[in-house]
There are 2 protein chains.
Amino acid sequence: MSIELGQPGDYHVHLRDGDMMNLVTPTIPTGGVSVCYVMPNLNPPIVTPKHALAYKAELQALSPTTTFLMSMYLSPSITPEMVFEAAKSGVSGIKCYPAGVTTNSEHGVSSYEAFYPVFSAMEEAGLVLNLHGECPCTAANADYITVLNAEEEFLPTLKDLHSRFPKLRIILEHCTTAAAVQAVRECGPTVVGTITAHHLYLIVDNWGGNALHFCKPVAKWPHDRRALIDAATSGDAKFFLGTDSAPHPLKNKRKAMGAAAGVFTQSHAIPYVAQVFEAEGKLDTLKAFVTDNGRKFYNWNQELSQSNKQVRLIRKANSIPASFGEGDEAVIPFKAGESLNWSIEWY
Amino acid sequence: MSIELGQPGDYHVHLRDGDMMNLVTPTIPTGGVSVCYVMPNLNPPIVTPKHALAYKAELQALSPTTTFLMSMYLSPSITPEMVFEAAKSGVSGIKCYPAGVTTNSEHGVSSYEAFYPVFSAMEEAGLVLNLHGECPCTAANADYITVLNAEEEFLPTLKDLHSRFPKLRIILEHCTTAAAVQAVRECGPTVVGTITAHHLYLIVDNWGGNALHFCKPVAKWPHDRRALIDAATSGDAKFFLGTDSAPHPLKNKRKAMGAAAGVFTQSHAIPYVAQVFEAEGKLDTLKAFVTDNGRKFYNWNQELSQSNKQVRLIRKANSIPASFGEGDEAVIPFKAGESLNWSIEWY
């Protein structure tokens, strides 16, 4: 049994830099992904088109057949003029991190109003706004905001931005709650949501004491996971894959305090997802979720592809290795040592 | 400034066995605790009065001035006859672990009905029933029960047991939710709750990626923490200290998957609590919470004490060490490296 998937996309990936970039970038094709939307949260973050393009060249050298869509990190240094310049240079979007909610987000946003001129320019230039949709916990709201409701509490901000900039294409990245799915559905067609592979599997019980399952936003309740699976398998063009694959060296996961947040799924991205769709009896909507919906939203054409290669899923055991790399620097993939039902074939 | 506390009690402690027992038992007096109610979840668990008394002798040798109250582990091997024998031998209570919810609970209880004859004998013999109040997650309820609602979902079982055995003294151990506090208040005077030191500090945000703050039951929402602080500082005789201090070697905390659950607070038990009461402006109710309420519930008289020594809190900086023991076997105390406002003086 096999399934033709065309050129699947992963619209939220962390490829890091240096040794980690060298380790994980070559696993993109292994995971069945043809198009990657690359996150800009390096240290320092990517805030200029020049930096984005230089980074793209590095990635391209490591995975020549992958199509890399680049982003910049929303920061006070970005002007409307830079937005137009970015669009001209081929940058696809700008990622907005609320200050302090995830890896390298200390340069992030505390208030959105200052960025309205930038959003307006993005709307005109056709750049996508990628929102990390969590309300940051501050001294003022610490008696109410937690990792469990930070996403739901952000949704009014999503709706407010959408109503102010109705033509701005907005992605609520890595939706983790039924409330987020509902909010995305309630907005117009310019607002969509990405869903990761691991949030189709995990709930709150899975990350306590298990740093490898700890990510931001955290996995939530069983009914939230159900809503994510239903949205992903629905075929609805508003939802598509963005794995938020986030590699960290084992030394930063194996910590009694302050273990890094992030799940590494790049190496088996499409097979992880296919496994869930198969269990749901929804393999017929897999291509919509992993290939078609994202491509349409990003207005990405196959002619812009780095390669003509297509992906076919074969129903054949696919073992997930214990690690990529070795020792303290190793990256442990999600479900390390387990076996998935689907393997990747490029043709 | 100083506060006379008499002989404070900690009515829920894990002292382990072997090297770990040798390491942590001597820290009981350092933490300002005179009376300890000792948990029976050794491996194998304590299910006979003989084992309980042999364990007590080991502990007594390590901390000669501490009064140890002993418990047994509720298991199918415990008969009503053994309950009466246990009471005669000086065992104070029986701890009930639902199967599979915490450290060494694989011998625990799946259904309570089979134990009604034992509960009836305990009621008659005056033994305390210590409940780990969490509804275990099973295949049947996996779409609903999580670490977040497992305690609340257990509360109907608490009320049911209380109505069947109204004279049985029941402790809902380590309450972590506003709902648990409310349920304890709604029951008659034979039902009380213990509250740990660390649940006066922690919420759900604190344990993701921080194995040292990961325990069962997990810390919950800010409003739950508020309810615990309010109950503890209220002076209400239904609530008293049971730290659930649970040492684990660092090697079992520093794991990327399967880090052990438990927070070690034995060494600074009373100062941790005093710090919170001071911040609340409630130092006047501290003695009720740490000394009087527990002693009354356990019908424990100072004449039965191992020692006449009393505890005085002095307002003087008390540094928490980075660890007890060294290397992989070290135990890291809660708030390691921080300083508390209160020090212990025995007189």
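Remarks
- Qualifying residue in segment B:156-164 (condition: among the charged types (D, E, K, R), in a helix (DSSP H, G or I) and closer than 14 Å to B:Y116 by Cα): yes
- Of all residues in segment A:189-214, those that are in a loop (DSSP other than H, G, I, E, B), more than 9 Å from every other protein chain (Cβ to nearest Cβ) and out of contact with any Lys or Arg (no Cβ under 9 Å at 6 or more places or on another chain) total 2.
- Members of segment A:54-105 that are of a type in the set (V, I, T) and within 19 Å of the chain's Cα centre (by Cα): A:T66, A:T67, A:V91, A:I94, A:V101, A:T102, A:T103
- Restricting attention to segment B:225-240 and to residues that are open to solvent by 10 Å² or more (accessible area, probe 1.4 Å) and not in a loop (DSSP other than H, G, I, E, B), the residue that is nearest to the other protein chains (Cβ to nearest Cβ) turns out to be B:R226.
- Residue match in segment B:241-255 (condition: open to solvent by less than 20 Å² (accessible area, probe 1.4 Å) and either basic (K, R) or in a helix (DSSP H, G or I) (or both)): yes
- Flag for B:V47 being in contact with a Gly (Cβ under 9 Å, 6 or more places away or on another chain), in a loop (DSSP other than H, G, I, E, B) and either open to solvent by less than 10 Å² (accessible area, probe 1.4 Å) or modelled with pLDDT of 95 or more (or both): no
- Among the residues examined, B:A140 qualifies as within 14 Å of another protein chain (Cβ to nearest Cβ) and either small (G, A, S) or crowded, with 22+ Cβ neighbours inside 10 Å (or both).
- Among the conditions (1) open to solvent by 30 Å² or more (accessible area, probe 1.4 Å); (2) assigned to a loop (DSSP other than H, G, I, E, B); (3) hydroxyl-bearing (S, T, Y); (4) under 24 Å from B:W221 (Cα atoms), A:S111 misses just one, which is (4).
- Filter result for the condition that a residue is polar (S, T, N, Q) and in contact with a helix residue (DSSP H, G or I) (Cβ under 7 Å, 6 or more places away or on another chain), over B:S307, B:S267, B:S319: B:S267
- Candidate set: segment B:206-236, residues that are touching a helix residue (DSSP H, G or I) at 6+ places or on another chain (Cβ under 7 Å) and among the aromatic types (F, W, Y); chosen: the one nearest to B:A322 (Cα to Cα): B:W207
- Segment A:272-301 - residue that is in a loop (DSSP other than H, G, I, E, B) and in contact (Cβ under 8 Å) with a residue 40 or more places away in the chain and, of those, most open to solvent (accessible area, probe 1.4 Å): A:N299
- The residue that is farthest from the chain's Cα centre (by Cα), counting only those in segment B:143-183 that are open to solvent by 40 Å² or more (accessible area, probe 1.4 Å) and either under 18 Å from B:T102 (Cα atoms) or within 14 Å of chain A (Cβ to nearest Cβ) (or both), is B:D143.
- Count of segment A:302-326 residues, restricted to those that are open to solvent by 50 Å² or more (accessible area, probe 1.4 Å), within 28 Å of A:G18 (Cα to Cα) and not aliphatic (A, V, I, L, M), is 4.
- Meets criteria (open to solvent by 50 Å² or more (accessible area, probe 1.4 Å) and under 28 Å from B:L212 (Cβ atoms)) for B:A336: no
- Evaluated against (1) away from every other protein chain (no Cβ under 14 Å); (2) farther than 24 Å from B:K255 by Cβ, A:D244 falls short on exactly one condition, (2).
- Of everything listed in (1) within 13 Å of chain A (Cβ to nearest Cβ); (2) open to solvent by less than 10 Å² (accessible area, probe 1.4 Å); (3) at pLDDT below 95, the single unmet condition for B:G100 is (2).
- Any pair with Cβ under 6 angstrom, 6 or more apart, that starts in segment A:252-271 at a residue that is at the interface with chain B (Cβ under 7 Å from one of its Cβ atoms) and ends at one that is among the aromatic types (F, W, Y) and assigned to a loop (DSSP other than H, G, I, E, B): A:A261/A:F214
- Against the conditions (1) among the hydrophobic types (A, V, I, L, M, F, W, C); (2) more than 30 Å from B:Q275 (Cα to Cα); (3) surrounded by 15 or more Cβ atoms within 10 Å (Cβ to Cβ), B:L23 satisfies every one except (2).
The values are calculated or read from the model by the stated rules, or taken from the named source; none is laboratory data. Note that this is a predicted model, so its numbers are computed, not measured. Here the Cβ is made from the backbone with ideal geometry for all residues, glycine too, and neighbour counts use every protein chain on show. We work out accessible area using only protein heavy atoms, side chains counted, and drop any ligands, DNA or RNA first. Shrake-Rupley method; radii C 1.70, N 1.55, O 1.52, S 1.80 Å.
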